[in-house]
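A short worksheet on the structure shown next.
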Amino acid sequence: MAQDLLKGKKGIIFGALNDMSIAWKVAEQAVAQGAEIVLTNAPVAMRMGAINELAAKCNNAPVIPADATSEEDLQKLFEGAMEHFGGKIDFVLHSIGMSPNVRKGKHYTDINYKFLQTTLDVSAISLHKTLATAKNLDALNEWGSVVALSYIAAQRIFPDYGDMADAKSLLESITRSFGYHYGVAKKVRVNTISQSPTITTAGSGVKGFDEFIAYSESMSPLGNADALACADYCVMMFSDLTRYVTMQNLFHDGGFSNTGVSMEVISKFAPEE
Ligand SMILES: NC(=O)c1ccc[n+]([C@@H]2O[C@H](COP(=O)([O-])OP(=O)(O)OC[C@H]3O[C@@H](n4cnc5c(N)ncnc54)[C@H](O)[C@@H]3O)[C@@H](O)[C@H]2O)c1
């Protein structure tokens, strides 16, 4: 189903750890739609992951390691990508999240504050650093599109999501604020896609994730959106078909966010006959 939606476009994709990663699917779908890409991930993740396998599948895309919390690494990444492409970049996927508090099972009311700094730096401030690096280098073309992945815990409490909820709120706020400034200066758009719970390495780190996925499935009229569907939405956001969409948090969740209760869930509370 080649449609060439991204023909001639060049992008950087952060966060493909393994073939379950949402970023992995985005890379595959973007290339299938005609894009040229550069892949990146934290140096430590490269050792664990299978990113070279993905690079080979994506027309031998270059892989440039970068810790997204390091401004120096980000600068080298954008410079390296522009050198490879021989020009500016059209789209960026920020698909990065990590909380040491969640990983170590710390209760939200008893978090380690150093860990919280890491959660916020890795999962949210890294988007600011990415955008600032791109803007300072004038690395993005006009009407370029930056998408970061979020989760509805930015708006509503999901107890086991811990301090990642605070990181996602900050991520969405940076999207609005930087989206304003980058839009005015260079017509670059910045959005978040708020994705259904999805089985990936990061997702599975959340306690009770399987039950949670089942709950979300039963609360979503269309069911949970999977990683491939998320990748298709990202491609649409990178394309010229969404040129005037910016500073938004876009729910991609099968209707979960607007559902108060579903008949399937309510039936579980019906008295036994
Ligand atoms: N899986 C879900 O249920 C779900 C739902 C909504 C949103 N999201 C978001 O989607 C994004 C991608 O997560 P995923 O579910 O594909 O899991 P994943 O574990 O495959 O991806 C997370 C990525 O973040 C990278 N990363 C961590 N620290 C980094 C650093 N310092 N520098 C650069 N990269 C770093 C990891 O190496 C990994 O590739 C995250 O922002 C996550 O919060 C996931």
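The values are calculated or read from the model by the stated rules, or taken from the named source; none is laboratory data. Keep in mind that what you see is a predicted model, and the values were worked out from it rather than measured. Ideal geometry is used to build each Cβ from the backbone, glycine not excepted, and the neighbour counts take in all protein chains shown.
For segment 186-197, what are the residues that are out of contact with any Phe, Trp or Tyr (no Cβ under 8 Å at 6 or more places or on another chain) and surrounded by 20 or more Cβ atoms within 10 Å (Cβ to Cβ)? Those that are out of contact with any Phe, Trp or Tyr (no Cβ under 8 Å at 6 or more places or on another chain) and surrounded by 20 or more Cβ atoms within 10 Å (Cβ to Cβ): 191, 192.
A residue that is in contact with a Ser or Thr (Cβ under 9 Å, 6 or more places away or on another chain) and farther than 19 Å from residue 176 by Cα occurs nowhere in segment 241-249. Applying the set (1) more than 13 Å from the chain's Cα centre (by Cα); (2) within 19 Å of residue 22 (Cα to Cα); (3) at pLDDT 95 or above; (4) outside any loop (DSSP other than H, G, I, E, B) to residue 213 leaves exactly one unmet item: (3).
Could we say that residue 117 is closer than 22 Å to residue 14 by Cα and either surrounded by fewer than 18 Cβ atoms within 10 Å (Cβ to Cβ) or within 15 Å of the ligand (Cβ to nearest atom) (or both) here?
On the way: closer than 22 Å to residue 14 by Cα: yes; either surrounded by fewer than 18 Cβ atoms within 10 Å (Cβ to Cβ) or within 15 Å of the ligand (Cβ to nearest atom) (or both): yes.
Considered against the rule, which asks whether it is closer than 22 Å to residue 14 by Cα and either surrounded by fewer than 18 Cβ atoms within 10 Å (Cβ to Cβ) or within 15 Å of the ligand (Cβ to nearest atom) (or both), residue 117 comes out as yes.
Only one residue in 91, 115 is within 22 Å of residue 24 (Cβ to Cβ) and touching a residue at least 12 places away in the same chain (Cβ under 8 Å). Which one? That would be 91, the only listed residue that is within 22 Å of residue 24 (Cβ to Cβ) and touching a residue at least 12 places away in the same chain (Cβ under 8 Å). The residues in segment 22-42 that are assigned to a strand (DSSP E or B) and either under 20 Å from residue 149 (Cβ atoms) or hydroxyl-bearing (Ser, Thr, Tyr) (or both) can be counted, and the count is 4. Within the bounds of segment 43-53, is there any residue that is within 14 Å of the ligand (Cβ to nearest atom), closer than 16 Å to residue 232 by Cα, among the small types (Gly, Ala, Ser) and not in a helix (DSSP H, G or I)? Checked against the condition, which is being within 14 Å of the ligand (Cβ to nearest atom), closer than 16 Å to residue 232 by Cα, among the small types (Gly, Ala, Ser) and not in a helix (DSSP H, G or I), segment 43-53 yields no hits at all.
Only residues that are within 11 Å of the ligand (Cβ to nearest atom) and polar (S, T, N, Q) were counted in segment 1-42, giving 4.
Does residue 225 satisfy the criteria of being within 8 Å of the ligand (Cβ to nearest atom), buried (at least 22 other Cβ atoms within 10 Å of the Cβ), within 21 Å of residue 16 (Cβ to Cβ) and within 20 Å of the chain's Cα centre (by Cα)?
Numbers: within 8 Å of the ligand (Cβ to nearest atom): no; buried (at least 22 other Cβ atoms within 10 Å of the Cβ): yes; within 21 Å of residue 16 (Cβ to Cβ): yes; within 20 Å of the chain's Cα centre (by Cα): yes.
Judged against the criteria, residue 225 is not a match.
For residue 166, the criteria (1) closer than 21 Å to residue 233 by Cβ; (2) buried (at least 17 other Cβ atoms within 10 Å of the Cβ) hold in every case but one, which is (1). Only one of the numbered conditions (1) near the ligand (Cβ under 9 Å from one of its atoms); (2) buried (at least 16 other Cβ atoms within 10 Å of the Cβ); (3) over 18 Å from residue 118 (Cβ atoms) is not met by residue 204, and that is (2). I'd like to check something: does segment 60-81 contain any residue that is under 23 Å from residue 193 (Cβ atoms) and at pLDDT below 95? For segment 60-81, residues under 23 Å from residue 193 (Cβ atoms) and at pLDDT below 95: absent. Within segment 171-185, the set of residues being crowded, with 17+ Cβ neighbours inside 10 Å and either in contact with a strand residue (DSSP E or B) (Cβ under 7 Å, 6 or more places away or on another chain) or polar (S, T, N, Q) (or both) comprises 171, 172, 175, 178, 179, 182. Of note, residue 142 does not satisfy the criterion of being buried (at least 16 other Cβ atoms within 10 Å of the Cβ), modelled with pLDDT of 95 or more and not hydroxyl-bearing (Ser, Thr, Tyr). What residue, among those in segment 71-87 that are surrounded by fewer than 18 Cβ atoms within 10 Å (Cβ to Cβ) and free of Cβ contacts under 8 Å to residues at least 24 places away in the same chain, is farthest from the ligand (Cβ to nearest atom)? The residue in question is 86. Contact annotation: residue pairs with Cβ atoms under 8 Å, 6 or more positions apart or on different chains, pairing a residue in segment 131-146 that is of a type in the set (Asp, Glu) with a partner that is not in a loop (DSSP other than H, G, I, E, B), are 138/186; 142/186.
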